[in-house]
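Okay, structure first, notes after.
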Amino acid sequence: MKNYNFFKTDDNSTGLYNLRIGDIYHSKTGAYKESNEKFISPSYEILKNKNNIKLLDICTGIGYNLKAFINKFIDKELIIDCIDIDDSLVKISPFIKDGIDNQSIKFFLLNEILKNNIRLDDLNMELKECLNLENKHFFDEDMLNLIYFLSKSPYKTMQTPQKGTFLHNIYYNYISFSNSKDEISHLFLNKSIKYHFNDARIILNNIHSTYDVIFLDAFSPQKDPSLWTIDFLSLISNAMHNNSILISYSRSTPFRSALLELNLNVGKTILNNEDFGTIASKNKNNIFYPLTNYDLKLIETRSGITYKDINLNLDSSTIINNRVIEQNNSNRISHTKFLKNIV
Ligand SMILES: C[S@@+](CC[C@H](N)C(=O)[O-])C[C@H]1O[C@@H](n2cnc3c(N)ncnc32)[C@H](O)[C@@H]1O
């Protein structure tokens, strides 16, 4: 029994709801739209003039941010690291109806997943477990036909280099009717994805690279703060060079407070004049909409006390309880008192 349900979002892309955490993976107003608005648009101005971009996608899930990123920067060289604790989501990501016009991205993802030593049989098994008559309409029929075809073809017994060529030829010659051939070659020639399946706290502790852009798309801090602690964010900061940007949908006060404590410049991402998410960078020129005086004052209240997880191994409820104790013992002003003083 899977611990997620599928639902159709307002932009016709497919969303997931996590039954265990009680939180959505994607916005009901549009999973693909949300990725573009919260992650891609805020990074575009800063990255548009670069020829090659290194992305760290933390909490890849079924890959909306990843796919939207590839779609936006299709003409660039992209090196991408993806982290998720749940490999089952990544395994179904190329098969989900995602509302992205460019079909070749799903095909590219399938190729990269297979290159990451995930076997065709594993993908088939995963699909078998989560696909049934009731939810079949959330899946892309062409991609399901493709994996069925591959399972019956000589693909399975080929050596790795031959496999890539075989897949590429299939796509190039039979499937790519609506996409330009150049675009498909672009996808295959100058982009690569490496998947890491474990707790992001463990993975990031062992990755010693820096990235141009980092997406943080964990479940909300109130539900699961383990990837919003100052200690985890410090690992993210270590993976940032002087011009990197960190982007997240979250506007949470303890999250922004932790980024400031780590000496990052912190700002908002804005949509229709509204505070829509957070951007952080070591370079203050990357911050177009700095936090306001109100935001900074709020951070000084008990709400700004950060989540902590010094050894990067606490469960969510311990992190939450420890923060409540710290807040109760603090002589900072409470959030409610702060709001009363303003009125
Ligand atoms: C809000 S969803 C991300 C949605 C995703 N970006 C997408 O486009 O589908 C949160 C994701 O975080 C992953 N996750 C939760 N805790 C994690 C952890 N400690 N380390 C790594 N991934 C984690 C979940 O498996 C889930 O896929």
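General remarks:
- Within the stretch 6-25, being within 15 Å of I100 (Cα to Cα) and within 12 Å of the ligand (Cβ to nearest atom) holds for T9, S13, T14, G15.
- Qualifying residue in the stretch 255-274 (condition: in contact (Cβ under 8 Å) with a residue 60 or more places away in the chain, over 17 Å from the mean Cα position of the chain (by Cα) and under 20 Å from Y44 (Cβ atoms)): yes
- Residue in the stretch 73-84 that is modelled with pLDDT of 90 or more, hydrophobic (A, V, I, L, M, F, W, C) and within 9 Å of the ligand (Cβ to nearest atom) present: yes
- The single condition among (1) touching a helix residue (DSSP H, G or I) at 6+ places or on another chain (Cβ under 6 Å); (2) under 26 Å from I279 (Cα atoms); (3) buried (at least 19 other Cβ atoms within 10 Å of the Cβ) that V90 does not satisfy is (1).
- Residue count, the stretch 4-24 (criterion: crowded, with 19+ Cβ neighbours inside 10 Å and in a loop (DSSP other than H, G, I, E, B)): 2
- Considering the stretch 119-204, the qualifying helices (runs of 4 or more DSSP H), each wholly inside and each with 1 or more residues that are at pLDDT 85 or above and farther than 24 Å from C82 by Cβ, run over 141-152.
- Filtering S27, S43 for residues that are polar (S, T, N, Q) and touching a residue at least 24 places away in the same chain (Cβ under 8 Å) leaves a single hit, S43.
- In the stretch 53-72, the residue that is farthest from the chain's Cα centre (by Cα) out of those that are closer than 25 Å to N205 by Cβ and more than 9 Å from the ligand (Cβ to nearest atom) is I53.
- Counting only residues that are assigned by TED's automatic domain parsing to the domain that holds N311, within 12 Å of the ligand (Cβ to nearest atom) and more than 16 Å from the chain's Cα centre (by Cα), the stretch 199-224 holds 1 of them.
- Of the helices (runs of 4 or more DSSP H) contained entirely in the stretch 37-94, those carrying at least 1 residues that are over 18 Å from K194 (Cα atoms) and touching a strand residue (DSSP E or B) at 6+ places or on another chain (Cβ under 9 Å) fall at 41-47.
The values are calculated or read from the model by the stated rules, or taken from the named source; none is laboratory data. The structure presented is a predicted model; accordingly, all values stated were derived computationally and were not measured. Note: ideal-geometry Cβ built from the backbone for every residue, glycine included; neighbour counts use all protein chains shown.
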